[in-house]
Structure formats: structure tokens, C-alpha cells
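Some notes on the structure that comes next.
What follows is calculated from the coordinates using simple rules that are stated; it is not laboratory data. Here the structure is a predicted model, which is why all the values come from computation and not from measurement. Counting neighbours? That spans all protein chains shown, and the Cβs are built from the backbone with ideal geometry, glycine included.
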Amino acid sequence: MGSGTVEHFEISLNTPAGRITTGIGVPTGSVPIASIVPLLRGLGEQVQALEQEQLTASGQVISCRKGCSACCRMLVPVSAPEAFALAQAFERYDEATRKALTARLEAAKQRLSEAGLWQRLTELSESHEPPSDEAIEPVNRDYYALRMACPFLENDTCLIYHDRPSACRELTVTSPAALCDNLLSPAVRPVPLSVRVSTALGLLWAELTDTVPRLIPLPLALDWARTHAEERRREWPGTTLLDKALDKIWRYISQEFQRRNSTPS
Ligand code: SF4
């Protein structure tokens, strides 16, 4: 999570897919929000692994395979902390990589502008209203109708794999891969999520900055992080970030318990 003195905690999470217990190190000093992103992603991935194990044990098969990139044509929502984490990762890449990725992002911007979507995506990312389904769904639909490959996708491989957003990590399906040609089809069966890390991070950022949860479309994330550079530099004690982040995770899990209990199997 960062340098300096680190306090170690053991975290136990009871999720609809089972319990995970894991040790984490948290700096006692102040750190920027991006520092908590890897920790939360790690937790999310452990919870997701449990979910997948449970499905596999019940005889279902996860269809997602390396080289399959059908879902990389959907609009990927990024929380503010993840936009900052991506900007941080970008600064670590060598110059040639940064140049190549910048050219790809420019090409995406051009295509989205021609399709009349860039402005709508910008408005979404700067909205002062909490994101609503009514506002997001038409944008999602129009974006997906383009079937535009993510600017970070090359030869069906993610160029920022280790730094990809949580939303990319969280989408897996048990329906046949051929159905992913239309991911909006009700026949597509996503693996249920006990926790959505991007949502938890979005809520955490909203609480820390007294703003609304923000949904930043991935092609805009680096621009957004640059525009909000001052917020990126703000710091909070690592333990405060952890406490607040876990609170969001627990709330999400408890809603998911309720949702599954009220959904007929
Ligand atoms: S960031 Fe990577 S995994 Fe996510 S949509 Fe883009 S190419 Fe796909």
C-alpha cells in the first residue's frame, strides 16, 4: 500500500460464496487514495475465486479463456481511485509504451467523438448527480453498439493487464463463449459477485471528498486523473482508508446476501 511504518491486520470476510481470511499490511502514515486500490483488488479477487470454486464444484464451467476479449468492447466504468491508480501505473511505463498507449487513446477519442459519444461520456464522468440506471443505460448501449475494442486491447491481449480496472477483473461468465457476441443478451450468465470493488472504491471516494460516487468511462480515465491532479495528491491515514473501504465492502456483501436470499433459486 506504500512505504513507511506498516501495521498488519487479519481480515475475515463472510461472503455468500464462503469465508476468506487474509493478512494485509497497512501504512500507519498518510497515503493517497490510489494506495488502497491494490489491496481492495486483491480482496475482490480472493472473493471471486471462492465464487468460481463454488460454481465449479456444482458442475458449472467458467467459459472465459486467455485470448477471448469479447467483453473488451463494453464500456468499462472506473472509480476515481482506480483512475488515479491507472495514472500512477502509466507514469511507471517506459516512454515507448506511454507513447503507444497515448496514440491509442487519441484514436479512441476520435472515434467516440465522431459517434457523438465523447461529450456524453465526459458529462457522465463529471456529473454532480449520483449515476442512475436511466442515465447510464443508453450510454452503455450506444457505446457497445460501436463494438469498439478497448484502447488497451491489442491482438486480443490487454496491454495493461496488471493494471486493468476491477470491472475487467470481475466479469466472467458460465454461458457459452459464443453468446458473448452480444453481452447484453439475457442468455449471458455472468458469475455472481459478492463484492464489486469498483463500486466500493467509488463509494469510498464519494465519502472522503463529500461528492457523489463517480463513474469514469475507461477511455477518459487518464484525462480525468490529470484534470483532478490535486485530488490525486490528497492523503489520508492508511488505517482510515482501510476502515472506510471495509465498511463499503461489508455493506455490499450484506446487500448481496439479502439479494440472493430473496431471489428464487
Ligand atoms: S483494460 Fe484490458 S481487460 Fe479491460 S477492457 Fe481494456 S483490454 Fe479489456
Inset, instruction - Find which of CYS72, THR239, GLY42 sits farthest along the positive direction of the dipole of the chain, computed with +1 on the beta-carbon of Lys and Arg, -1 on that of Asp and Glu, about the Cα centre. - result: CYS72
Legend entry - Value of relative contact order over the stretch 118-265, rounded to a whole percent, pairs C-alpha under 8 Å and six or more apart: 28 percent
Legend entry - Three-way shape call for the stretch 98-215 based on the alpha-carbon gyration tensor, with the a/c threshold at 1.5: rounded
Inset, instruction - Multiply the residue separation of SER132 and GLN54 by 0.36 nm, subtract the distance between their alpha-carbon atoms, and state the gained length in nm to one decimal. - result: 24.9 nm
Legend entry - Charge dipole (the chain, unit charges on Cβ, about Cα centre) - positive-most of LEU146, LEU86, VAL188: VAL188
Inset, instruction - Could you give the spread of the C-alpha atoms of the chain along their three principal axes, from largest to smallest, in whole angstroms? - result: 49, 48, 36
Legend entry - Whole-angstrom gap from the stretch 69-123 to the stretch 210-265, using each part's C-alpha centre: 19 Å
Legend entry - Which of ILE33, ILE11 has the fewest Cβ neighbours within 10 Å, and the rest in rising order: ILE11, ILE33
